[in-house]
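Reading through the structure tokens given below for one structure.
The values are calculated or read from the model by the stated rules, or taken from the named source; none is laboratory data. The shown structure was predicted, so the numbers you read here are calculated from the model rather than taken from an experiment. Glycine also receives a Cβ, built like all others from the backbone with ideal geometry; neighbour counts cover every protein chain displayed. In case anyone asks, the SASA skips ligands and DNA or RNA and just uses the protein heavy atoms, side chains included. Shrake-Rupley method; radii C 1.70, N 1.55, O 1.52, S 1.80 Å.
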Amino acid sequence: MKSLPTVVVDNGAATIKAGLTDGDSEPRLVANAVVRSRGDKTTYFGHEFERCRDYSSLHFRLPFEKGYLVDWDAQKAVWDGLFSAEVLSVNAPESSLLITEPYFNLPNVQDVYDQFVFEEYEFHSYYRCTPASLIPRGDMFTDPFLAPPECMLLVDAGFSFTHVVPILNGSIVWSAVKRIDVGGKLLTNHLKELTSFRQWNMMDETYIMNNVKESCCFISTNYNRDLETCRLDPKKNAIVQEYILPDFATNREGRIRRQDDIVSDGDQILFMNNERFVVPEIIFRPDDIGLQQVGLPATIAHSISLLPEDIQGLFWANIGLIGGSTKFPGFRERLAAELRSLAPVDCEVAIYQSQEPITECYRSALAFVQEPDFQEYCVTRAEYLESGSNACRRKFKDWKLVDEKGKGAAVREPAKPKPRTEDPEESDASPPPKRGGRGRTRTTSTSTRKR
């Protein structure tokens with residue numbers, strides 16, 4: 001099959017990362033929302049949000065709700081702008097498409113994906129998969145002195161949820177995939193509530209508070225000590241930061257106050273004290289806000305315990321971090337410390353983090369579509385017109401079981417969970433795996449990997 005220009009779309013719930021194989025290697029980041037600005041009374045669709053200058057009291061219409069694509073009108077409006085001449089200038093009938101979908105996507109929703117791609121936009125061919133399944137195609141775990149790992153476990157901290165995804169020989173082990181109902185959206189909303197209760201009313205300022213979260217928050221490596229530090233002296237301590245809220249009348253952006261900053265009487269200052277680490281702490285302790293779930297370290301240990309015993313040590317030694325919430329300072333260090341206490345003593349715990357965890361899936365997808373056999377994984381429009389969505393069900397691997405005759409939707413699960421006498425969802429700690437590699441903890445990134 002001849003090579004076609006391919007459009008890569010990492011269709012995130014908050015941000016779309018998109019690009020072309022014959023274009024710039026850096027993706028185009030587009031807000032996946034229809035945004036209404038009360039300041040300039042203008043509605044922005046996806047990429048048009050870059051033109052907005054008044055970010056006060058924005059109203060977001062999001063295509064995704066609770067992790068799944070539910071508002072197809074809003075999504076189509078964003079995709080129309082993305083494929084237009086203003087952004088990617090896609091000639092759909094002469095192009096192939098790779099697009100990501102949520103984990104455990106519903107069959108009816110998958111059918112609508114197929115209809116939009118082939119009936120609305122008329123792409124020549126396309127491939128649909130989850131973000132984590134693309135990581136083995138990239139260079140996140142590569143090392144010039146080691147072969148690519150066959151076993152890896154990915155932590156995808158996204159907008160709606162945080163997923164723990166084990167991958168064996170390039171395929172997701174769906175029976176061991178676990179989800180925590182904490183994502184970037186929940187953290188931002190929690191920060192809005194704390195700030196509105198303690199200081200300014202920021203309940204309508206989602207965009208501003210999201211920037212505050214990304215600028216000020218961090219993961220505490222000693223939560224009780226930092227909490228006591230903030231309690232003893234709330235206004236003057238080593239943790240507190242002053243965030244100067246933006247002034248849209250003068251087009252001045254919000255920023256963290258520096259020592260040499262001169263603050264005028266009209267400036268509004270937000271004091272970020274224990275909010276800096278209490279908010280992202282929810283990823284490690286969801287029960288702080290009443291969620292009946294264990295934190296990320298225990299979820300990782302539980303996921304690994306469901307895998308075959310003889311290879312569990314390989315998963316402990318190849319844990320990768322992707323997604324925007326993994327960018328919090330201290331995230332990797334805190335996770336490594338807690339995992340070391342849960343892992344077997346003879347296991348090595350190694351954590352890898354990309355320099356750009358938000359776009360790591362896009363870069364892995366770009367490497368995948370440039371492989372010579374990529375088109376063999378795709379479904380063509382001719383196949384869709386002949387068989388409908390059944391052609392996609394037969395070819396795309398996902399979480400659903402299938403019978404031997406191919407009448408279902410996907411492949412058989414690669415592994416089965418071990419019988420347990422205890423309900424894993426109700427347990428605060430999972431039984432640790434028994435076998436593995438060396439007994440030490442190691443953290444690394446794609447740019448500096450210890451050997």
Selection within region 222-257 - crowded, with 16+ Cβ neighbours inside 10 Å, among the hydroxyl-bearing types (Ser, Thr, Tyr) and closer than 30 Å to Leu58 by Cβ:
Tyr243
Criterion (assigned to a strand (DSSP E or B), assigned by the TED database to the domain that holds Arg128 and without any contact (Cβ under 8 Å) to a residue 40 or more places away in the chain) met by exactly one of Val35, Val30
Val35
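Working carefully through the options Lys41, Lys66, find the one that is under 19 Å from the mean Cα position of the chain (by Cα) and at pLDDT below 95. Full working, then the answer.
On the way: Lys41 fails: under 19 Å from the mean Cα position of the chain (by Cα).
Exactly one of Lys41, Lys66 is under 19 Å from the mean Cα position of the chain (by Cα) and at pLDDT below 95, namely Lys66.
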Every residue from region 354-386 that is outside any loop (DSSP other than H, G, I, E, B), surrounded by fewer than 23 Cβ atoms within 10 Å (Cβ to Cβ) and polar (S, T, N, Q)
Gln375, Thr380
Spot the failing condition for Asp346; the list is (1) open to solvent by 10 Å² or more (accessible area, probe 1.4 Å); (2) at pLDDT 95 or above; (3) over 17 Å from the mean Cα position of the chain (by Cα), and only one is missed.
(2)
From Tyr223, Tyr207, grab the single residue that is hydroxyl-bearing (Ser, Thr, Tyr) and over 21 Å from the mean Cα position of the chain (by Cα).
Tyr223
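Tally the residues that are part of a strand (DSSP E or B) and closer than 20 Å to Phe315 by Cβ, restricting the search to region 96-145.
Count: 1.
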